[in-house]
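Read-outs throughout are calculated quantities, based only on the coordinates presented, and are distinct from any laboratory measurement. If you're wondering where the values come from, they're calculated on a predicted model, not measured in any experiment. Counting neighbours? That spans all protein chains shown, and the Cβs are built from the backbone with ideal geometry, glycine included.
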Amino acid sequence: MTVSPHRIELLSPAKTAEIGIAAINHGADAVYIGGPSFGARHNAGNDLRDIERLVLHAHRFNARIFLTLNTILRDDELPKAQSLIQSAYDCGVDALIIQDMGLLMLDLPPIQLHASTQCDIRSPEKARFLQDVGFSQVVAARELSLPELGAMAAVLDSAILEYFIHGALCVAYSGQCYISHAQTGRSANRGDCSQACRLPYEVLDDQGRIIAHQKHVLSVKDNDQSSNLKALIDAGVRSFKIEGRYKDLAYVKNTTGHYRRLLDGILEDRTDLGRSSSGTTQLHFTPEPERSFNRGSTDYFVHGRKEDIGAFDTPKPQGLPLGWVIRTGADHLDIELNEGVADLNNGDTLTYFDMQKELKGFRVNVSEALGSRRFRAYPNEPVAQFKDLRKEVELHRSRDMAWERLMESDRTADRKIKVAIRLCETHTGLSLHLVDEDHHEVVLHRESEWQQSRESDRQLDAIRNALGKLGTTPYTAQSIEIITLVPERIGFWPASLLNGLRREGIDALDQARQAAFQRLMRKPESSPPPVYPEDTLSYLANVFNQEAQRFYLTHGVKVVDAAYESHEETG
């Protein structure tokens, strides 16, 4: 069993449980997060108690939590991974994102399995195989075009096709890059990539002549599929994934809110599709993904291969255009802001390229307005310390303190579940009837003596006000209906009675929603056992333990080479 193919999922990253909760509040239908160990982001682990707190929050909205366990494992690590999976299942995690096929040979709880980007899924045949061995969701390689994605979706009749729509891009196929391990001994497939593709290199031609000096020739711009969402949906993508388990709170709020708005706009026009979770998100800011960590954007190969995908000058975020230098002093510089740029703040970080096209930057200690879009900035060091910072140099802003303060506040979004409220006067007191947007229903009765109200209109307003005070709860009143015992006459009901009844009703509705939430279970392997599309596997298959080897041999592979890391690291 899996998510309906008519449901669209926005899948956001979370470095911590708090960031995951923010992602849910800003519109994510699902969140992926690292556990205590074995995730492909070495420094993005979380205690299961925190993940359980995230799970409880997500399930309120029928949103789901996926645990990343997507490294390859040594033989001695398999029992620890098995124990972790059981604990994750016990705390309510909805799915595991995995790379190591050895895990499928273990006695696991019936938790859903999702194939990681590290599985390097580029062909329909491989995607279909993974579905048939029990995966409910497969993430296509970032390098695929729309026709290739469509061909992959066409062979999947139960698994959901997932695709990265935003964030960092690797120069190599995910799961197939070994440069980090070759240079430093740190394996990307073990969750410890050294980011060699972001370093500067000197490139020589076959005659030994320098054709690129200290350029970041392996660094790729960041993925941005904002303009391709409709086409991706039409191709068969149903889970839209944002990269960034190392990213901060502001990035997750901003990008999640951005894609929530875009997808909601599409869903309004597509009656055949719907969201895969509940509640409506109201943002209290305008998302601007270019304000978050950004190396420049590309939609990569969705519309075919293209040339302009590199971020060769710098792998660091240059920031948004700010203005230019009009004058420099010993301890300050005067800046004229571009039209549309409102302010320059104390603490902002500004960047520029020197004459060698190297990105430089400095922090603004103090900013003073000079009038007419002009500001005087006092950097954190003397101006002479900053190479080539002179008149007419173009400036960008990579850190905007006003934006960061906005993003760090807890008032950037609300997510609410609609509730229809009906209060009925009865012969013995009051009856409160609550029905939420997912048709969960609770009815409460409270005995109390009916007393005639002296001012019916004011009493009706007081009742509506008391019942509609849903405040910090995840609910909002879609409608409030009051049915009186005597036509056109309302009884007098104390505010304490109404408030207590409302609180009790909301608590009961919360419990009903939690009780009704159903985790989707792992798919069984198809029968007869599916055959892997290839019969010979090299080190590129990343087989690092005996159970993974047994998995492939069981599924028709005749020759299985050991993983690249095996010659240095054994269990």
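In whole Å, how far is the Cα centre of segment 315-341 from that of segment 67-96? Spelled out, the Cα-based centre of one part sits 49 Å from the other. Projected over every direction and averaged, the convex hull enclosing the alpha-carbon atoms of segment 115-207 yields 8.1 nm². Couplings 3J(HN,Hα) for segment 103-116, derived from phi with the Karplus relation 6.51 cos²θ - 1.76 cosθ + 1.60 (θ = phi - 60°), are 5, 6, 8, 8, 7, 9, x, x, 7, 5, 10, 10, 7, 5 Hz, where x marks Gly and Pro. A convex hull fitted around the alpha carbon atoms of segment 318-408 yields 88 Å³ per residue. Summing charges over all other residues whose Cβ lies under 11 Å from the Cβ of ALA28, with Lys and Arg as +1 and Asp and Glu as -1, gives +4. Dipole magnitude for the chain: about 740 debye, using +1 per Lys or Arg Cβ and -1 per Asp or Glu Cβ, origin at the Cα centre.
Out of LEU485, VAL31, ASN542, whose Cα points farthest toward the positive end of the dipole of the chain (charges: +1 Lys, Arg; -1 Asp, Glu; placed on Cβ)? Positive-most Cα among the choices belongs to LEU485. Expressed as a whole percent, the proportion of Cα-Cα pairs in the chain lying more than 36 Å apart is 46%.
Adding -39500 (n - 2.57) for every DSSP H run of four residues or longer, then dividing by how many residues the chain holds, sets the calculated 222 nm ellipticity at -7500 deg cm²/dmol.
Each Cα pair under 8 Å and six or more residues apart adds its sequence gap; the mean of these over the residue count of the chain is a relative contact order of 16 percent. In which sequence would HIS433, HIS332, HIS258 go, from the one with the fewest C-beta neighbours within 10 Å to the one with the most? Going from least to most buried by this count: HIS433, HIS332, HIS258. Pairs with C-alpha atoms separated by more than 31 Å, drawn from the list LYS221/LYS418; LYS247/LYS469; LYS221/LYS558; LYS241/LYS357; LYS230/LYS253; LYS230/LYS360, are LYS221/LYS418; LYS247/LYS469; LYS221/LYS558; LYS241/LYS357; LYS230/LYS360.
Its Cα gyration tensor gives segment 450-546 an equivalent ellipsoid, and the semi-axes of that ellipsoid, as √(5λ) in whole Å with the largest first, are 61, 14, 11.
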